[in-house]
1. For region 203-229, enumerate the residues that are surrounded by fewer than 17 Cβ atoms within 10 Å (Cβ to Cβ) and closer than 22 Å to residue 13 by Cβ.
2. Of all residues in region 9-44, count the ones that are assigned to a loop (DSSP other than H, G, I, E, B) and surrounded by 24 or more Cβ atoms within 10 Å (Cβ to Cβ).
3. All but one of (1) surrounded by 14 or more Cβ atoms within 10 Å (Cβ to Cβ); (2) part of a helix (DSSP H, G or I); (3) modelled with pLDDT of 95 or more hold for residue 315, so report the exception by its number.
4. Among what's in region 45-88 and is modelled with pLDDT of 95 or more and part of a loop (DSSP other than H, G, I, E, B), pick the residue that is surrounded by the most Cβ atoms within 10 Å (Cβ to Cβ).
5. Scan region 326-339 for residues that are loosely packed, with under 13 Cβ neighbours inside 10 Å and more than 14 Å from residue 262 (Cβ to Cβ) and jot them down.
6. Does residue 279 fit the bill of being in contact (Cβ under 8 Å) with a residue 12 or more places away in the chain, assigned to a loop (DSSP other than H, G, I, E, B) and under 18 Å from residue 336 (Cα atoms)?
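The values are calculated or read from the model by the stated rules, or taken from the named source; none is laboratory data. All figures in this text were calculated on a predicted structure; none of them were measured in a lab. Note: ideal-geometry Cβ built from the backbone for every residue, glycine included; neighbour counts use all protein chains shown.
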């Protein structure tokens with residue numbers, strides 16, 4: 001069968017690649033064309049456009065790049081029409097993918113959504129569009145099934161794909177991680193603090209300087225920035241240069257998290273990855289002033305961090321916008337490094353979180369089986 005898959009971010013590339021591998025196990029004749037990244041391309045799929053040319057963060061940035069976005073939409077529609085897939089599989093990335101879904105449904109294509117857009121956070125009315133345009137919705141967060149049920153729309157919970165990804169990584173690469181980190185940072189011991197500032201230039205410039213400024217207060221620790229693979233070395237060099245106890249890695253985030261004592265993490269999938277590695281974390285989020293104020297009016301959820309949303313309580317501290325200061329970051333970092341009771345509670349909550357996300361089993365395999373059965 002012919003599959004056309006669209007992912008617009010690094011996390012979508014990861015989950016898309018694992019979905020493709022599982023589809024290939026079920027369908028020996030699988031032919032995949034995709035929008036995604038290196039991981040999806042590595043499966044043998046034909047990569048049409050890389051996500052690094054698609055990612056725009058925040059409302060203001062989207063407005064500035066509207067012409068590019070519309071050009072990409074037109075190009076995508078023409079490419080899908082020429083390819084004539086048996087199924088269009090969309091992975092998150094709602095601003096782009098929901099427009100494609102609407103068009104695809106009009107063309108008579110079968111539309112499958114894997115990893116629901118976070119419409120429970122804002123633009124809940126998008127459910128109406130999803131019900132019209134999406135033939136099958138596969139969700140990865142436990143509370144999403146109940147959310148859609150409110151709208152009289154049946155979805156399938158397949159489990160969260162990160163559980164399997166991280167378990168497999170721990171099993172296969174933990175020893176290599178130790179060797180890699182110690183070789184990269186000699187004489188630093190294992191007192192590492194991970195900095196995960198995101199993958200887009202705009203968000204990194206907002207948050208990373210504040211994260212780095214904390215390093216001078218912890219000379220006994222070594223801070224390690226997980227760099228986005230798509231960005232130039234020179235971009236990071238300017239930011240990291242003033243600090244003696246700061247280094248960086250690229251494409252080694254999981255190796256870093258397997259040894260980190262704590263982490264400063266921007267919002268998104270990285271917050272969940274950090275928790276599944278049992279690393280105490282502080283959430284650091286800051287957008288442009290315009291984007292933040294628009295979001296504040298529209299977003300209806302209590303938390304921005306997936307860990308807190310899934311657990312429905314504040315498991316990890318969120319420092320948002322004006323609350324993201326060097327002083328506040330230091331205060332919260334002190335708690336997760338030195339407060340024994342805080343650390344014990346965090347580990348207890350992390351254990352409960354993993355149990356919740358593991359209920360569905362292997363999400364990628366479940367999703368692939370569901371898609372294959374549906375098409376067959």
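1. In the first step, residues of region 203-229 are kept if they are surrounded by fewer than 17 Cβ atoms within 10 Å (Cβ to Cβ); the result is 205, 209, 213, 216-217, 219-220, 229.
Scanning region 203-229 gives a single hit, 229.
2. Keep residues of region 9-44 that are assigned to a loop (DSSP other than H, G, I, E, B), which gives 9, 27-30, 37, 43-44.
When the remaining residues are screened for being surrounded by 24 or more Cβ atoms within 10 Å (Cβ to Cβ), the result is 37.
Selection size over region 9-44: 1.
3. (2)
4. 45
5. Just the residues of region 326-339 that are loosely packed, with under 13 Cβ neighbours inside 10 Å, to begin with: 327, 338.
Scanning region 326-339 gives a single hit, 327.
6. On the way: in contact (Cβ under 8 Å) with a residue 12 or more places away in the chain: yes; assigned to a loop (DSSP other than H, G, I, E, B): yes; under 18 Å from residue 336 (Cα atoms): yes.
Against the criterion (in contact (Cβ under 8 Å) with a residue 12 or more places away in the chain, assigned to a loop (DSSP other than H, G, I, E, B) and under 18 Å from residue 336 (Cα atoms)), residue 279 qualifies.
Each row is one residue, and each column tells you yes or no for (1) free of Cβ contacts under 8 Å to residues at least 24 places away in the same chain; (2) under 30 Å from residue 26 (Cα atoms); (3) under 25 Å from the mean Cα position of the chain (by Cα).
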position	(1), (2), (3)
321	no, no, yes
343	no, no, yes
351	yes, no, yes
360	no, yes, yes
366	no, yes, yes
373	yes, yes, no
